[in-house]
Structures are given as structure tokens and as C-alpha cells.
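Structure first, commentary second.
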Amino acid sequence: MLIDGRAVKSCTVLALQAAGAEVTTIEGLAPAGELHPIQSAFVEHHGLQCGFCTPGVILTTADLLARDPAPDDETIRRALRGNLCRCTGYQAIVESIRAAGAALAEATA
């Protein structure tokens, strides 16, 4: 989840610690029935498979791209360190994040 725009591990945050903060979960990233550009990039570039790690990876991506709209592969991999994915081997995730950054940049240009 995101607390005030920063990715955190929800299992380590007490509700009291989030009091007064803006909390965003994967469900709140885009309006109901729509996909956020990050989610669309993951679908288009096969950055997800079983879905277990997907919410954490996508919210980590949202945090990363808010701070660095065009991260290099090393920066992306460093940002993902706290997310474990046993399905993809991470390359498709990295490609999805690069594509998401480009899509967000295009949308704001």
C-alpha cells in the first residue's frame, strides 16, 4: 500500500501509524472499472502471472515513478527488492515499469 504516496509493507504498519495519512491500496489506484497506466503496462508487457505479488509490485512502481519518471534498470531492480515474485524472473516486470514510465510521461506531456 501507499501511505502519503510512499510504498510500505502493509503487514508492518499499524493502523494508528496511518492515522491522518492518505492511504492508497491497489483498489484505489484507478477509478472503479478502469486500469491505471501502470496496470495497463503490466498487462501489455506480461509483467504479472499468478497475481500474488502484483499489488505490491504495482504500488512500488507508482512510488518509484512518482519520484523518478524514467528510472534505469538498476534503479528499478533496487526499488523492487522488497517484492518477491517467483513466476516472472523479473525481466518482464522491469520492462513493464519502463513502459509505464513512458506512458505516464506521455500522458502528462
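What is the one condition in (1) among the aliphatic types (A, V, I, L, M); (2) part of a helix (DSSP H, G or I); (3) in contact with a helix residue (DSSP H, G or I) (Cβ under 7 Å, 6 or more places away or on another chain) that A70 does not satisfy?
(2)
From the list L16, L35, pick out the single residue that is outside any helix (DSSP H, G or I) and either touching an Asp or Glu at 6+ places or on another chain (Cβ under 7 Å) or not polar (S, T, N, Q) (or both).
Sole residue among the options that is outside any helix (DSSP H, G or I) and either touching an Asp or Glu at 6+ places or on another chain (Cβ under 7 Å) or not polar (S, T, N, Q) (or both): L35.
Considering only the range 77-91, I want to know if a residue exists there that is more than 14 Å from A7 (Cβ to Cβ), touching a residue at least 12 places away in the same chain (Cβ under 8 Å), out of contact with any helix residue (DSSP H, G or I) (no Cβ under 6 Å at 6 or more places or on another chain) and β-branched (V, I, T).
Within the range 77-91 (the criterion being more than 14 Å from A7 (Cβ to Cβ), touching a residue at least 12 places away in the same chain (Cβ under 8 Å), out of contact with any helix residue (DSSP H, G or I) (no Cβ under 6 Å at 6 or more places or on another chain) and β-branched (V, I, T)), the answer is yes, since at least one residue qualifies.
For the range 43-59, how many residues meet the condition of being closer than 14 Å to K9 by Cβ and not in a loop (DSSP other than H, G, I, E, B)?
Result for the range 43-59: 4.
Starting from the range 40-58, keep only residues that are in contact (Cβ under 8 Å) with a residue 24 or more places away in the chain, then list their pairs with residues that are part of a helix (DSSP H, G or I) and charged (D, E, K, R) whose Cβ atoms are within a distance under 7 Å, requiring at least 6 positions of separation or different chains.
Listed by first residue and then by second, the contacts come to H45/E95; G47/E95.
Looking only at the range 80-97, which residues are assigned to a helix (DSSP H, G or I) and either surrounded by fewer than 17 Cβ atoms within 10 Å (Cβ to Cβ) or in contact with a strand residue (DSSP E or B) (Cβ under 8 Å, 6 or more places away or on another chain) (or both)?
Matches in the range 80-97: R81, G82, Q91.
Please find, among T54, T25, the residue that is closer than 24 Å to E95 by Cα, touching a Gly at 6+ places or on another chain (Cβ under 9 Å) and not charged (D, E, K, R).
None of the others qualify; the one that does is T54.
Would you point out the residue of the range 1-55, among those that are of a type in the set (S, T, N, Q) and within 19 Å of A107 (Cα to Cα), that is surrounded by the fewest Cβ atoms within 10 Å (Cβ to Cβ)?
S40
Just so you know, all these numbers are worked out from the coordinates, no wet-lab data involved. On a predicted model such as this, the values are computed, not experimentally measured, just so you know. Ideal geometry is used to build each Cβ from the backbone, glycine not excepted, and the neighbour counts take in all protein chains shown.
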